[in-house]
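Please read the structure below before turning to the comments.
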Amino acid sequence: MGNTSNVSQSENREEPRWLPPGESPAISSVMFTAGVLGNLIALALLVRRWRGDSGRSAGRGNSISLFHVLVTELVLTDLLGTCLISPVVLASYAQNRTLVALGPDRRVCTYFAFSMTFFSLATMLMLFAMALERYLAIGHPYFYQRRVTRRSGLAVLPTIYIVSLLFCSMPLLEHWKYAQYSPGTWCFIGHKQTTYLRLYATLLLLLIIAVLACNFSVIVNLIHMHRRGRRSRCGPSLGSSHRRAERVSMAEETDHLILLAIMTITFAVCSLPFTIFAYMNENSSRKEKWDLQALRFLSINSIIDPWVFAILRPPVLRLMRSVLCCRDSLRTQEATQTSCSTQSNASKQIDL
């Protein structure tokens, strides 16, 4: 990471082994510190929530939601990626050497590029698993209750790691060389591997579209649930406990949706520069620092995700819900009172 122009190094000439003068590790150090600190805070909050849920569920089974199991796996993935990738960049700055020069046979460069592709894909697959879990829980509750368990959520992480490992190992099996990008602290898929580079970018793009589609379906289903609940207020009384449970369920689902939507938007924004970078021609006239910024945006997502979870605590989510739904709730109450009074007057006339 640095502030010089980022023209990918050609395989036909010797790659630089020393960093250009004036390179500073400040940005890399800040990113590494923010990533580790944010993930540790998010893990502490998740452990606290797990203990609280376990205490409240004493005597009636464990009620820890599958969604929070997947969030925990996402935070662990981000923490692991930060701890395995960022120290390599800091070592490059400390020794004033490029990644190619840090180890024999370009091993450090290969390790860095493979880790970048692996953890970026694993993060997107985790977001897709979270969106799919919400889609099944809201859109297909009977199937979800019968087939989806917390144990299946624990199997998601190793499954995603295996899939990401197989897909990201393709360049290694083909004996391709990863490209080193200026100033020499980054290695990634080179433009020489056009097919695989665009395949990787297309897969990320398809996953983003799938996550957005699942979130849109959840929004539609939540609107239908809200309308059914509004109509039920004019029907026979089902008891205050039933209505209270229905309101709590709607609030929890809305909180999950807000959290997932913000994480999805964050990843989409962070992946967009990389997608443009992947579909660019190597010989096209690109702005300076575009390669570096695209790769940096791709790595920022693992730093932002835990901070999103740490900041969006339940009180903050309740505030966001109240701001987003305040006007709608007032209209809903007025409409409900009007429709209920209309139905009541009509029933009285029928009785008379």
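The values are calculated or read from the model by the stated rules, or taken from the named source; none is laboratory data. Note that the structure is a prediction, hence the values are computed from the model and not measured. Glycine gets a Cβ as well: all are built from the backbone with ideal geometry, and neighbour counts include every protein chain shown. Surface areas here come from the heavy atoms of the whole protein model, side chains and all, with no ligands, DNA or RNA. Shrake-Rupley method; radii C 1.70, N 1.55, O 1.52, S 1.80 Å.
Details
- Restricting the range 78-111 to residues that are of a type outside the set (D, E, K, R) and outside any helix (DSSP H, G or I), the residue that is surrounded by the most Cβ atoms within 10 Å (Cβ to Cβ): THR98
- Taking the numbered list (1) modelled with pLDDT of 90 or more; (2) in contact with a Gly (Cβ under 9 Å, 6 or more places away or on another chain) in turn, ALA101 passes all entries but (1).
- In the range 34-49, the residues that are touching a helix residue (DSSP H, G or I) at 6+ places or on another chain (Cβ under 6 Å) and open to solvent by 40 Å² or more (accessible area, probe 1.4 Å): ILE41
- Candidate set from the range 112-165 (those that are under 12 Å from PHE67 (Cα atoms) and not in a helix (DSSP H, G or I)); member that is most open to solvent (accessible area, probe 1.4 Å): THR149
- Some residue of the range 223-238 being closer than 30 Å to ALA94 by Cα, modelled with pLDDT under 85 and among the charged types (D, E, K, R): no
- Taking the listed residues LEU136, LEU157, LEU121, the one that is within 21 Å of PHE274 (Cβ to Cβ) and in contact (Cβ under 8 Å) with a residue 12 or more places away in the chain is LEU121, with no other qualifying.
- Any hit, the range 188-196, residues being out of contact with any His (no Cβ under 8 Å at 6 or more places or on another chain), among the small types (Gly, Ala, Ser), crowded, with 22+ Cβ neighbours inside 10 Å and part of a loop (DSSP other than H, G, I, E, B): yes
- Of all the criteria given as (1) among the β-branched types (Val, Ile, Thr); (2) in a helix (DSSP H, G or I); (3) modelled with pLDDT under 90, the one not satisfied by ILE64 is (2).
- Against the list (1) in contact with a helix residue (DSSP H, G or I) (Cβ under 7 Å, 6 or more places away or on another chain); (2) at pLDDT 80 or above; (3) open to solvent by 80 Å² or more (accessible area, probe 1.4 Å), the condition SER271 fails is (3).
- Any hit, the range 130-152, residues being under 11 Å from the mean Cα position of the chain (by Cα) and aromatic (Phe, Trp, Tyr): no
- Flag for SER92 being closer than 30 Å to LEU222 by Cα and either free of Cβ contacts under 8 Å to residues at least 60 places away in the same chain or among the small types (Gly, Ala, Ser) (or both): no
- Test for ILE41: is it among the β-branched types (Val, Ile, Thr), farther than 17 Å from ARG97 by Cα and modelled with pLDDT under 85: no
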